[in-house]
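Peer 1: Can you read through this structure? Questions will come right after.
The values are calculated or read from the model by the stated rules, or taken from the named source; none is laboratory data. None of the values given here were measured: they were computed from a predicted structure. Ideal geometry is used to build each Cβ from the backbone, glycine not excepted, and the neighbour counts take in all protein chains shown. With ligands, DNA and RNA removed, areas are computed over all heavy atoms of the protein, side chains included. Shrake-Rupley method; radii C 1.70, N 1.55, O 1.52, S 1.80 Å.
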Amino acid sequence: MKRTLFKTFAATGAAALLLSGCSLLERGEDTGDDSNGEDGGSDNAVYTEMTSWDACEVLNNLQPITDEMGIEGYGSLTSGGGEPSTAKIGNTWDPDSIGCNDLIYLGQNEGAGGNGEIKVKIVPTESEDQAVAAYEDRVSVAESESAQWTEAMSEEFGDPWDQGTIVSWIGDTSQPFVQVIARDGQWVFHIELYHTQDYGVRNGGEPAFVFNDEELNQWFVDTYLPEVNQIVNDRIAEVQ
């Protein structure tokens, strides 16, 4: 893996829009009928194929992330069980993507519940130029949001991706946020995650979570994203 850039942003304000706390169970199942792929408006075989995928099926219901983070539940901030929700192309919260997403429950956190939200998205496009534009736009939005908070960092990465950036920051109530955005050819991969801080670490005791954020972010770049890259490109190769 190559590293090409490291930047630290100063916090520019004490307020920013919070990510929605609404459950993705409603948004995740939302579908649109106006996408090129599903309406047959695209002649690009790869784009048409990718828009038909179930992202949760492609991504094994986020099981690698579930294991790495010790996620105990999906669809609720307070209880275990459940599975992440599928979002089809044309969904209301990110219509250009297919996704596997939901609220997450991380178990006990020093007497309180640990929770957050994760969105894992595959963004198909009809050309490499469109994918470059989509990638650059998503990185710009993530970096703009991070600059409003504290400990904002942005780092680029490469192989096996054509382009890649991980953006992290500490948001409201000291919640860690991270976005990982990568492009390969004509598709983009995008993770958005936030969760409550680890109160065990904050209080100087034993960690309440099975992960720490620095190691988790490194795992996303070094391990999880290369695996996703292989899975998706193997599927693409079947239609080329």
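Peer 1: Report, please, the projected area of the stretch 88-240 averaged over directions, based on the convex hull of its C-alpha atoms, in nm².
Peer 2: Values: hull surface 38.5 nm².
Average projection, Cα convex hull of the stretch 88-240: 9.6 nm².
Peer 1: So if the hydrodynamic radius of the stretch 67-123 is defined as the Kirkwood radius over C-alpha pairs, what does Stokes-Einstein give as its diffusion coefficient at 10 °C and 1.306 mPa s, in µm² per second? If you can, show how the numbers build up before the last one.
Peer 2: Values: Rh = 11.9 Å.
For the chosen part, D equals 133 µm²/s.
Peer 1: Work out how far the C-alpha atoms of the stretch 110-198 reach from end to end along every principal axis, then list the three figures in whole Å, largest first.
Peer 2: Sorted largest first, the three principal extents are 49, 22, 20 Å.
Peer 1: Sorted by accessible area with a 1.4 angstrom probe, largest first, how do S52, S97, S79 fall?
Peer 2: Working: S52 80, S97 0, S79 50 Å².
Sorted by accessible area, descending: S52, S79, S97.
Peer 1: Something else now. Taking θ as phi - 60°, what are the ³J(HN,Hα) couplings along the stretch 53-64 by the Karplus curve (6.51, -1.76, 1.60), each to the nearest whole Hz, with x for Gly and Pro?
Peer 2: 6, 9, 4, 5, 5, 4, 9, 6, 6, 6, 4, x
Peer 1: In square angstrom, rounded to the nearest 10, how much accessible surface does L59 have for a 1.4 Å probe?
Peer 2: My reading of the accessible area for L59 is about 10 Å².
Peer 1: Next question, about the same structure. In what sequence, largest accessible area first, do R235, R138 appear using a 1.4 Å probe? Can you show the working numbers first?
Peer 2: On the way: R235 65, R138 30 Å².
The most accessible residue leads, giving R235, R138.
Peer 1: Counting only residues 5 or more places away or on other chains, whose amide H sits under 5 Å from the amide H of T150 once H atoms are built in the peptide plane?
Peer 2: I170
Peer 1: Along the charge dipole of the stretch 124-167, pointing to its positive end and built from +1/-1 on Cβ of Lys, Arg, Asp and Glu, which listed residue (S144, T165, T125) has its Cα farthest out?
Peer 2: S144
Peer 1: Looking at the stretch 132-240, which GluC sites (Glu not before Pro) are DSSP coil and have at most 11 other C-beta atoms within 10 Å of their C-beta?
Peer 2: E238
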